[in-house]
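Here the structure comes first, spelled out in structure tokens, and everything after it is commentary.
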Amino acid sequence: MKSSPFKISLLCASLSAQAYAIAAIDEHTYANLDEVVSTHLYLDLNVDFADKELEGFVEHTLAWKKKQARSLVLDTRDLTIHRVIYETAEGTWKAAKFTLADRDDVKGSKLTITFQNQAKRVRVYYNSRPEASGLQWLTPEQTASKSHPFMYSQSQAIHARSWIPVQDSPAMRVTYQARVQTPKEVRAVMSADNTGAIIRDGDYHFDMPQAIPPYLIAIGAGNLDYKEMSHQTAIFAEQQILDASVWEFADTQAMIDKTSKMYGEYAWGRYDLLMLPPSFPFGGMENPRLSFITPTVVAGDRSLVNLIAHELAHSWSGNLVTNATWEDLWLNEGFTSYVENRIMEEVFGRERAVMEQALDTAGLKALLTQISEPDTRLNLKLNGRDPDDAFSSVPYTKGQLFLIYLEEKYGREKFDAFVKSYFKAFSFKSVTTAEFERYLADNLINKYPGIVSPEKVTEWIHAPGLPADAPNPTSDVFDKVDAETKAWLTAGKAIAELPSAQWTVHEWLHFINNLPRDLNQERMVELDKAFNLTDSTNAEIAFAWYMLAIGNGYEAIYPAVEKHLTGIGRRKLIVPIYKSLISHGKKAWAEKVYLNARPSYHPLAQGTMDDMFAQ
Ligand SMILES: [Zn+2]
């Protein structure tokens, strides 16, 4: 073992996870993490569906870092703070003074609590408000059962502060317990041990014994049924979608077992899934022990289950080893996209994994031509922007391609050992890009000299765009699809002769995405007649077809597009459609559809679209 600057920093980190909070500069928190840190939260919340509020208190257990410090600064956004009390060293509870600063558009309102002496615990009584950016409240009509209301949280990136006054930085970690009360017939679940939610009685208790960053604290409540898939996995869902979800995600246990074999034991006990209503603005959210999942991946043929592989992969990259700031997001998402694809290869074979790489790479290359050059770097500079802006296929797919590049250069044996050791070295810690670079230098680049230069690593992490020698995944299966497409378009092959009956969803996506963008109306009608694409029940295929059709002025899709846009709220599947409608002269129609759909969208999707239509 040789000494290096990295080893010293790792030693500090192993003494205290909070050592990273000091090293990392997180511009998106007000918290005074260098003076005091929360180590444990106790939440006591009532879910008030009528007023669309969570109401109750949070109790922070504090560890003080500086002798002279007398204040605790918490992040909040749109919270009503009722009162604050604290426990003195002698064990008595007293009222604490607090001030709530004016609201900043990105960071929310700074809550400063001051004490006469350093408090052991502090309790903040508050309620969230209906406009909370991290919560969505759905009426019974907006759910599958139509009988009960539904609410759920989305705390990443900095939305935990809209429902909990908290030190909202990924550089710190807390354990938590909670008591949640709901109407009797509603079941609540959290990103925690959900044993206390099995009996549906409106009074639920949760325990999360492993320390997690606040963006992974999550809650959901609705008319939720429950079904086991294996000894370690189960699904919480409305009854209408429960059995279909259990069938769709039957490979979840195999995914856990294969990933544990490759990258070290699964650290979180159970791995359950919560099926959300179609308005969920994301594909999935990796809340520990309980991933939140969009129903748009329940396709009936297990074709979109790479989403489960993705959320599961976060159990190692992201939840176990966490980006220290949102500018380091690629450490979460690049590693997760890489591990996701390795899981898909293990469970479904190399051919499918490569098709998924190729589809994602094509998407990345299209995006690179559309966004500003600085935003095509892995290690982003947000400069005060909302961290939600950091989420694009750059941290995901460019990050993944960088890791595939290293894998190809060093070979799987050495690279897998490196990734496994990285997850182990930083488990239950947060890591900055600079710390990762030191670890990479020490454990791969300098360990096996002459294979990849330090300059090449710097180019991948800090330069815009893709390096000239970036991997370019190609699939033989897609090459065959391309040949068939060409035969149809230029050699007079009849559409009925395309071997489409055997095509997987991946081949369909490749086929549609690679058709010329200026197909004439006869071709569009021919395609639609032959394959019924306008009415596809696969949300991804429908999306790809609508994007082609809008660009081509193919009007027959509009009733189906309206249904698509009002039926789901997953941003990836709706935002580009609105954008394309606007740029193809359909703004008035799009706005009419949007205003009708808006009440069922999540606040995050509403924000994105409000901005778009205001321009
Ligand atoms: Zn992810």
message: Among the residues that make up segment 242-252, is at least one of them farther than 19 Å from I198 by Cα, crowded, with 20+ Cβ neighbours inside 10 Å and hydrophobic (A, V, I, L, M, F, W, C)?
response: yes
- prompt: So, in segment 292-310, of the ones that are surrounded by fewer than 24 Cβ atoms within 10 Å (Cβ to Cβ) and under 13 Å from the mean Cα position of the chain (by Cα), which residue ends up farthest from the ligand (Cβ to nearest atom)?
  reply: L307
- prompt: If a residue has to be touching a residue at least 12 places away in the same chain (Cβ under 8 Å) and either of a type in the set (G, A, S) or in contact with a Cys (Cβ under 7 Å, 6 or more places away or on another chain) (or both) to count, how many in segment 334-354 make the cut?
  reply: 3
task: Please find, among F423, F391, the residue that is within 16 Å of the ligand (Cβ to nearest atom) and out of contact with any Phe, Trp or Tyr (no Cβ under 6 Å at 6 or more places or on another chain).
output: F391
- request: Consider only pairs whose beta carbons are under 8 Å apart and that are at least six residues apart or on different chains; among these, list those whose first residue lies in segment 25-38 and is under 22 Å from Q118 (Cα atoms) and whose second residue is β-branched (V, I, T) and buried (at least 20 other Cβ atoms within 10 Å of the Cβ).
  value: T29/I158; S38/V166; S38/V174
field: Subset of segment 347-394 (residues that are more than 29 Å from D257 (Cα to Cα), touching a Lys or Arg at 6+ places or on another chain (Cβ under 7 Å) and part of a helix (DSSP H, G or I))
entry: L364, P374
statement: Within segment 260-271, residues being in contact (Cβ under 8 Å) with a residue 60 or more places away in the chain, crowded, with 19+ Cβ neighbours inside 10 Å and closer than 19 Å to F292 by Cβ number 0
- prompt: Does segment 268-281 contain any residue that is at pLDDT 95 or above, more than 16 Å from the ligand (Cβ to nearest atom) and on the phi > 0 side of the Ramachandran plot?
  reply: yes
message: Whether any residue in segment 385-396 is crowded, with 20+ Cβ neighbours inside 10 Å, under 28 Å from K107 (Cα atoms) and among the basic types (K, R) is what I want to check.
response: no
query: Just checking, how many residues over segment 143-160 are under 26 Å from the mean Cα position of the chain (by Cα), at pLDDT 95 or above and of a type outside the set (F, W, Y)?
result: 10
message: Just to verify a result, which residue in segment 174-202, among those that are more than 19 Å from W137 (Cα to Cα) and among the charged types (D, E, K, R), is surrounded by the most Cβ atoms within 10 Å (Cβ to Cβ)?
response: D193
query: Taking T376, is it of a type outside the set (F, W, Y), surrounded by 15 or more Cβ atoms within 10 Å (Cβ to Cβ) and in contact with a Gly (Cβ under 6 Å, 6 or more places away or on another chain)?
result: yes
- request: Starting from segment 364-386, keep only residues that are modelled with pLDDT of 95 or more, then list their pairs with residues that are among the aromatic types (F, W, Y) whose Cβ atoms are within a distance under 6 Å, requiring at least 6 positions of separation or different chains.
  value: L378/W330
Residue list for segment 432-466, filter: in contact (Cβ under 8 Å) with a residue 12 or more places away in the chain and not in a helix (DSSP H, G or I): T432, Y448, I451, V452, A463, P464, G465, L466
- line: Taking segment 559-614 and keeping only residues that are farther than 19 Å from D388 by Cβ, of a type in the set (K, R) and not in a helix (DSSP H, G or I), one is left with K586
- request: Counting only residues that are out of contact with any Ser or Thr (no Cβ under 7 Å at 6 or more places or on another chain), give me the strands (runs of 3 or more DSSP E) lying completely in segment 210-312 with at least 2 of them.
  value: 224-228, 234-238, 290-293
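Residue-by-condition table, conditions (1) in a loop (DSSP other than H, G, I, E, B); (2) within 24 Å of L224 (Cα to Cα); (3) at pLDDT below 95:
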residue	(1), (2), (3)
I81	no, no, no
V84	no, no, no
N117	yes, no, yes
V124	no, no, no
P130	yes, yes, no
W137	no, yes, no
E141	no, yes, yes
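The values are calculated or read from the model by the stated rules, or taken from the named source; none is laboratory data. Quick caveat, the model's predicted, so the values are computed rather than measured. Cβ: placed from backbone, ideal geometry, glycine included. Neighbour counts: every protein chain shown.
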